[in-house]
Amino acid sequence: MILLPDYPDKVILAHRIRVERLALLGTLTLIGTGAWWLLPAMDGSAELLPRMGPVVVMFTAALLLADLIEYGPVQRSRIGTAANVAWPAVLVFAGIAVGDLGDDLGEYLGKSDSLIAILIMFSIALVLRQVSNRLLGSSLNVRRYRGLTSLGALALSTALIFSLAAPIELFAIILFTVSVTMVPDLITKDEDHAARKKFGTALDAAESKLLVLRGQGISLEQASSILKTAREEGWSNPERGLEMIEDALIDAEKIQAIALDLDDIRKDSLAAVERAEAITVEAASPRKAFKLGDREAQHGALREAELMYRRAKNRSAVIIEHWQDALDAIGEADAAIGSESGQQLDNVRSILHSAREAMADENPKEAIYITSSIQGHLDSLIATTSEAEQAILDAQNAIAGAAGDIPIFNQRWLPAILL
């Protein structure tokens, strides 16, 4: 059997439609039952207020019935809230019904319908309490929310008790049963309470210190960013938050130390750049790095400014130490090559051109390294030339000594060979 690709979706949709129809039928049934129950009070044949309780419960259940279909996080919170508010009120009505039965045991047994109704209300109150405990007991924040809703439930129950002139003993019972969960929910502290308190104190102290440093004109972007992340994550993970605060303070101390030494670093860098420019005007990278350092310092990026100043000083030091030596080495290599031509000399000239390119890139150390190999090439070329000339001379002498043994028709080529 081959199923169409959308067959599962169609099955789910059909099932959902059936469930929604059933929920709609239940909603209409609850509304109709509530209206029927309230009808005698509308014409004055019964008291209105005692009949309002069950009607409110049925109407609320009709509204919450749709949440049982979706049953997502929002729907579960609504159901739990309604159950937590409703169960003390249902318990109040059950207690009032018990009081109406009287004190005689015979009267209790003679009102079986009332006993059944009371048992049903007690069962409903117990179920609602269990539902609220299950849906609103997952975490500390949820339990605190349950405690707040319990305050509302207690207020509603108290209003019902005094408005219906119920005995004071019933109020004591309701207060006790609600307080069993309400008081722990409101006063319970989580395991990390002490760590969170320590984190909050450390965070406030760190932020105050950073404000003082900012007032001194010190830029602390990285430390501020770390503290911002610590504020966002530290409340849920205090240990990690404390580590991030410590990192931020260490970074702030480093920036503060850099700010104190930056002026001296700039002076040393400027002196080195000026000495390099006195040697050659072609070296522009030290001055460029120095200007970038000034720009970063103006923007408050002291760490980057220090790096630029040190880079300018290092480049200047290379130029001061090696520039003249590189020029001398290139000049000596150029003089050694001279104006001679040939393929081998052209290769040596390409090496010398690479040295000049290194000088153009402001890398005199590389230029010195390149030119140091030129003399070796020249020595090798001279040795090769001397060996070639000696070989030619030996060949000429051999040919001259063997001239009498050469056939007559080849003797006319000897002068050309010997030459």
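Observations
- Across the options 145, 57, 130, the greatest Cα extent toward the positive end of the charge dipole of the stretch 7-187 (unit charges at beta carbon of Lys, Arg, Asp, Glu) belongs to 145.
- Sites matching GluC sites (Glu not before Pro) across the stretch 269-338 that sit in DSSP coil, with at most 15 neighbouring C-beta atoms within 10 Å: 282
- The stretch 163-244: chymotrypsin sites (Phe, Trp or Tyr not before Pro) falling in loop per DSSP and having at most 16 other Cβ within 10 Å: 235
- Seen from residue 79, the other residues with C-beta closer than 14 Å to its C-beta sum to a net charge of +3, counting Lys and Arg as +1 and Asp and Glu as -1.
- Charged side chains reduced to their Cβ positions (Lys and Arg at +1, Asp and Glu at -1) give the stretch 200-283 a dipole of some 200 debye around its Cα centre.
- Hz values of 3J(HN,Hα) by residue in the stretch 166-177 - Karplus curve (6.51, -1.76, 1.60), Gly and Pro given as x: 6, x, 5, 4, 5, 4, 5, 5, 5, 4, 5, 5
- Three-way shape label, the stretch 7-187, alpha-carbon gyration tensor, a/c 1.5: oblate
- Close amide H pairs (under 5 Å, H built 1.01 Å from N) link residue 65 with no residue at least 5 positions away or on another chain.
- Each residue of the stretch 282-289 was assigned a 3J(HN,Hα) from its phi angle through the Karplus expression (A = 6.51, B = -1.76, C = 1.60, θ = phi - 60°), giving 7, 7, 9, 5, x, 5, 5, 5 Hz with x at Gly and Pro.
Every number in this text was worked out from the coordinates using simple rules, so none of it is lab data. Model, not experiment: these values are computed from the prediction. We place every Cβ from the backbone using ideal geometry, glycine too, and count neighbours over all the protein chains shown.
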